[in-house]
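Student: First, the structure itself, so that you have it in front of you.
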Amino acid sequence: MPATGFGVPRLPAARELTVSTTSLTSATAATDPPHSPALQDADLPVIGRRHPWRWVGVAVVLVLLAMFAHGLITNPGWDWPTFFQFFTTRTIFSALAVTLQLTLYGTVLGFALGAVIATMRLSSSPFLQVVAWGYIWVFRSIPLIVQLLFWFNLAYLYQELSIGIPFGPEFVRFSTNNLFGPLGAAVLGLALHQAAYAAEIIRGGIISVDQGQSEAAAALGIPRSRQFFRIVLPQAMRSILPNGANEVIQLFKGTSIVSVMAIPELFYQVQVIYGRNSRVVPLLMVATVWYIVLTTLLSIAQFYLERYFARGTSRSLPPTPIQRVRRTWRTLQAKATARPGAGVAS
């Protein structure tokens, strides 16, 4: 830069400033990254969400299952030859049929009586409400095994029962010795006990439906029976089914308690057999596996019933296990096809 006469540096001319600015701009432009064209949404790469801890959990569960299966196979205490010897015998099948009979009769009679008691509790009559509440209070307070033993020993308390005018003449009299057999006493005890719980399950499902819907239906002139069966009950079933299925499964396993009455159901027969051959563990496994198999079938039936009654609340029905497997397989196929370099070697 040239100096002036007073020793102050002379400013460059305007042309020189213009050239210097142009040179600076050119240098800055040379260092900026090149502008790339804007990508469309369809061109953006999609990166799936990763779940590392989920895979860790899967690995831990698989290792535990492998350890459990290894113990089942290598531990001679399970005595698998004895298990397979008795698993499909005629005695076990007969006992299984008795168990299913007890479950079926207890479920049908229990839920039928439970529906009546639930209706009584929901009625506007204080008398019916008190009677229903008293029934539920009594049968939920007494243990099931005590109820079964009372019904089984009814002849000890009352040798005869009669029908007639209270404290007056009797028209019909019959002995209680032949009134209930062991199986009849078990069905009666299971059904009465189940009815108390079923009544509360049904009542809970009905009161879970918004009352405004019934009021709106009444305002439209829809009859009360049609309000209940077409509007209230389909919605109440979504609350009744999970709890009701849980009670049925509980009843199915709870039938083993009637073994105290010497009824030849599954658990009683298993006890009889291992009392003779002292093979306790494999015979208990026979009963356990049959309980697991039948509980699995009941759970599958529960899934499809819940799926049926979910039609009015979900935009799409929940997928079945087969549909889940197909969807997962299609997703894996799509990922394998979209992977870079896939199919080049082929």
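Student: Among the residues of the range 180-191, is there at least one that is outside any helix (DSSP H, G or I) and either in contact with a strand residue (DSSP E or B) (Cβ under 9 Å, 6 or more places away or on another chain) or more than 20 Å from Ser123 (Cβ to Cβ) (or both)?
Tutor: Yes, the range 180-191 contains at least one residue that is outside any helix (DSSP H, G or I) and either in contact with a strand residue (DSSP E or B) (Cβ under 9 Å, 6 or more places away or on another chain) or more than 20 Å from Ser123 (Cβ to Cβ) (or both).
Student: Just checking, does the range 72-80 include any residue being at negative phi and either open to solvent by less than 60 Å² (accessible area, probe 1.4 Å) or basic (Lys, Arg) (or both)?
Tutor: yes
Student: I would also like to ask the following. Scan the range 290-309 and give yes if some residue there is closer than 20 Å to Trp78 by Cα and either surrounded by 17 or more Cβ atoms within 10 Å (Cβ to Cβ) or more than 26 Å from the chain's Cα centre (by Cα) (or both), otherwise no.
Tutor: Of the residues in the range 290-309, the ones closer than 20 Å to Trp78 by Cα are 290-293.
Pick out the ones that are also either surrounded by 17 or more Cβ atoms within 10 Å (Cβ to Cβ) or more than 26 Å from the chain's Cα centre (by Cα) (or both) and you get 290-291.
There is at least one residue in the range 290-309 that is closer than 20 Å to Trp78 by Cα and either surrounded by 17 or more Cβ atoms within 10 Å (Cβ to Cβ) or more than 26 Å from the chain's Cα centre (by Cα) (or both).
Student: Turning to a different aspect of this structure: Does Gly204 satisfy the criteria of being out of contact with any Cys (no Cβ under 6 Å at 6 or more places or on another chain) and at pLDDT 90 or above?
Tutor: yes
Student: Would you say Gly221 is open to solvent by less than 70 Å² (accessible area, probe 1.4 Å), part of a loop (DSSP other than H, G, I, E, B) and not β-branched (Val, Ile, Thr)?
Tutor: yes
Student: Only one of (1) modelled with pLDDT under 95; (2) assigned to a helix (DSSP H, G or I); (3) not β-branched (Val, Ile, Thr) is not met by Ser124, so which one is it?
Tutor: (2)
Student: Can you name every residue in the range 116-144 that is open to solvent by 40 Å² or more (accessible area, probe 1.4 Å) and of a type in the set (Gly, Ala, Ser)?
Tutor: Selection gives Ser124, Ser141.
Student: Just to be sure I understand, how many residues within the range 240-266 are in a helix (DSSP H, G or I) and under 17 Å from Phe152 (Cβ atoms)?
Tutor: Here the count works out to 8.
The values are calculated or read from the model by the stated rules, or taken from the named source; none is laboratory data. These numbers come from a predicted model, not from an experiment. Positions of Cβ are generated from backbone atoms using ideal geometry, with glycine treated the same way; all protein chains shown enter the neighbour counts. Only protein heavy atoms, including side chains, enter the accessible area calculation; ligands, DNA and RNA are left aside. Shrake-Rupley method; radii C 1.70, N 1.55, O 1.52, S 1.80 Å.
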